[in-house]
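Report on the structure given below.
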Amino acid sequence: MIDALFIQVLGGVLLLLYGVRLSGKGFELALGARLKEWWAAPGRSRLGGFGAGVVGTSLLQSSGAVVTLLITFAEISPLPLAQSLSVVLGADLGSTLTVQVLSFRIYQYAIPVVSVGILLILWGRKPKVRAVGQGILGLGFMLLALKFLSVAADGVGKVESLRSLMMDLGGAPLVAFAWGVLLSALFQSGTAVMILLIAFTQQGVLPVPAVLPLVLGANVGSSSVAFMAASGLAAEGKRVAWGHVLMKTAGALMFLPFFSLTQQLLTMFSPDPSRIVANAHTLFNLTVSFLFYPLAPRVAGFLADIVPVKKRTAPRGKPVYLDRQHLPVAGAALGQVAREIIRMADMVQEMLSLSVKAIGAVGIDLAERIRRMDDDVDQLTSEIKVFLSALGQRSLDPEQTNRAMAYIALVSDLENIGDFVDKTLGDHVRRMAERGQRFSDQGAAELVTLLNEVEEMYREAVSAFVTRDAKAAGIVIARKKAIGQMERDLRLAHIRRLQKGTPESLESSAAHLDILSSWKGIASHCAAIAYTVLQVEEQEHD
């Protein structure tokens, strides 16, 4: 009989975990991009971030999923830490909604919920509709799992040895707390543990005195999800993970002296054991939010001191952030790629700035510096593409696949910009320096004017990528036409100087015209970067 019960409990737990994962992943695909926009909306207050965290977990069914999204987002465009911690607090509070709903005996609706999810998956025309169907199907599986576990728990209660073992937890709160931490860390889901506790308390197998320590332990253990997501990443992500652990653990420790009083309060509020689980979960997260929301700026300052930003060093052509150990965590791996792309963009920015100097001070040294920098950009491009290729061999969801493809397009555009600078401007400057030639004063001033405009367009394109701002990307694209007109005007101005017979213009004509054309090409690649940003945003909001 015990073997059969073990199989029943194990099957119910596995179905529960699958339902939680399926639901969270589905709603993340459908709503993840929108959540990031809510977090990073211009002028978003800490209170607004807290509210976005509540809504996010209510939709994604997992505070761990929300915190993981937040950590991944922090790898690209980190929010102020105090605001990130406010989102985390809201996410933890939002996780109580699902537990509250499931604490009522509604598992009889499991089949209709599963049916709705399947219908949306099979007949949904848009990817987001199918993703919502996946989320609803996961909820249905969670209800089925709760039903199976309740039946299994009833069987456990009839086995005297097992029932006695469960009852012993009521007199050993620290042991119960440790079990809560262990189960939550093992399941990687505090919600799953809460549902398991509801199933066992509904059948009277789990004593009420064991509920609170188990709930507290499960809340602390659920923060291990954040640690896994932040492992190996930059300080911004680690600070969010440490903040999650710190606030959960501190909250649990505050409850320890008040076990008896809190249990009496929960029992008075609702004598139904399954409701006690949900209410304990809500009370804990509500208390943590109430205590730590006003302290978030101080906690952020403390975390900034204990988790300093580490200066990573590597040869310029070698990656600093890419780590193959984190390929299995696609979101984290893509976050690392994004940071490497930003580093590569800074290298190209340095090449553009050096080009402006090379126009006025034609010299072999500057040309050689540009060539070496382009070699570094080419090498880093290769490293990033190899990393993305390895990542692409793993299971990626549609959004992650789109991001990976967008990153390949971005690094290709950056590489091409570097090639334009080196192969056109750098080569011409080198030859002119060897021949003792220079640009005319007016010609140099015109080239610098165009170079400055294109450099500003480049900065805006990179900024649009970092912030994922579709409006900023649209502004970059609109600038392409104006730069094209400027290039034509400057080409005509140069031809007029040739007609006048200006000596420097005659000597530097080929270089002058090639540089004008190459900088127009660079502007096209800046627009391509902006188009990539728009495409990613459109796909994520489809």
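Only the coordinates and a few stated rules stand behind these numbers; no lab work does. All values reported here derive from a predicted model rather than from experimental measurement. Virtual Cβ from ideal backbone geometry, glycine too; neighbours counted across all protein chains shown.
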Take A361 and L295, extend 7 Å from each Cα along the Cα→Cβ direction, and tell me the distance between the two endpoints in nm. 5.5
If packing is taken as the average number of other Cβ atoms within 10 Å across a peptide's residues, how do 268-281, 434-447, 179-192 rank, most packed first? 179-192, 268-281, 434-447
Report ³J(HN,Hα) in whole Hz for each residue of the stretch 339-347, in order, from the Karplus equation J = 6.51 cos²θ - 1.76 cosθ + 1.60 where θ = phi - 60°; Gly and Pro get x. 5, 5, 5, 5, 4, 5, 4, 5, 5
Both in Å, the radius of gyration and Dmax of the C-alpha trace of the stretch 324-540 are 19.1, 65
Arranged by the count of other C-beta atoms within 10 angstrom, fewest first, what order do M254, M142 take? M254, M142
Using the count of nearby Cβ atoms within 10 Å as a rough guide to exposure, how do I106, I417 rank from fewest to most? I106, I417
Kindly give Rg over Rh for the stretch 395-489, based on alpha-carbon atoms, with the Kirkwood expression for the hydrodynamic radius. 1.10
Cross-link pairs K318/K471; K25/K318; K25/K248; K126/K147 - those with Cα-Cα distance over 28 Å: K318/K471; K25/K318; K126/K147
Under the Karplus curve 6.51 cos²θ - 1.76 cosθ + 1.60, θ = phi - 60°, whole-Hz ³J(HN,Hα) for the stretch 92-100, x wherever Gly or Pro sits: 5, 5, x, 5, 6, 5, 4, 5, 4
In nm, the gap between the two label points placed 7 Å beyond Cα toward Cβ at S412 and S524 is 1.4
Any idea how far apart T449 and L492 come out in nm if each label point goes 7 Å out from Cα toward Cβ? 1.3
Stretchable slack from I475 to Q108, in nm (0.36 nm times residue separation minus alpha-carbon distance): 126.8 nm
Charge tally for neighbours of L197 with beta carbon under 14 Å away, counting Lys, Arg as +1 and Asp, Glu as -1, is 0
Which residues qualify? For L206, with a placed amide H closer than 5 Å and at least 5 residues away or on another chain, they are T201
What is the log10 of I(q)/I(0) for the stretch 460-535, computed with the Debye formula using one identical point scatterer on each Cα and no solvent, at q = 0.12, 0.20, 0.25 Å⁻¹? -0.44, -0.78, -1.01
Compute the length gained on full extension between M254 and S382: take 0.36 nm times their separation in residues and subtract their Cα-Cα distance, giving the result in nm to one decimal. 40.9 nm
Ranked Y293, Y407, Y109, criterion: other C-beta atoms within 10 Å, fewest first: Y109, Y293, Y407
I want the local charge near Q379. Using Cβ-Cβ distances under 14 Å, sum +1 for each Lys or Arg and -1 for each Asp or Glu among the other residues. -3
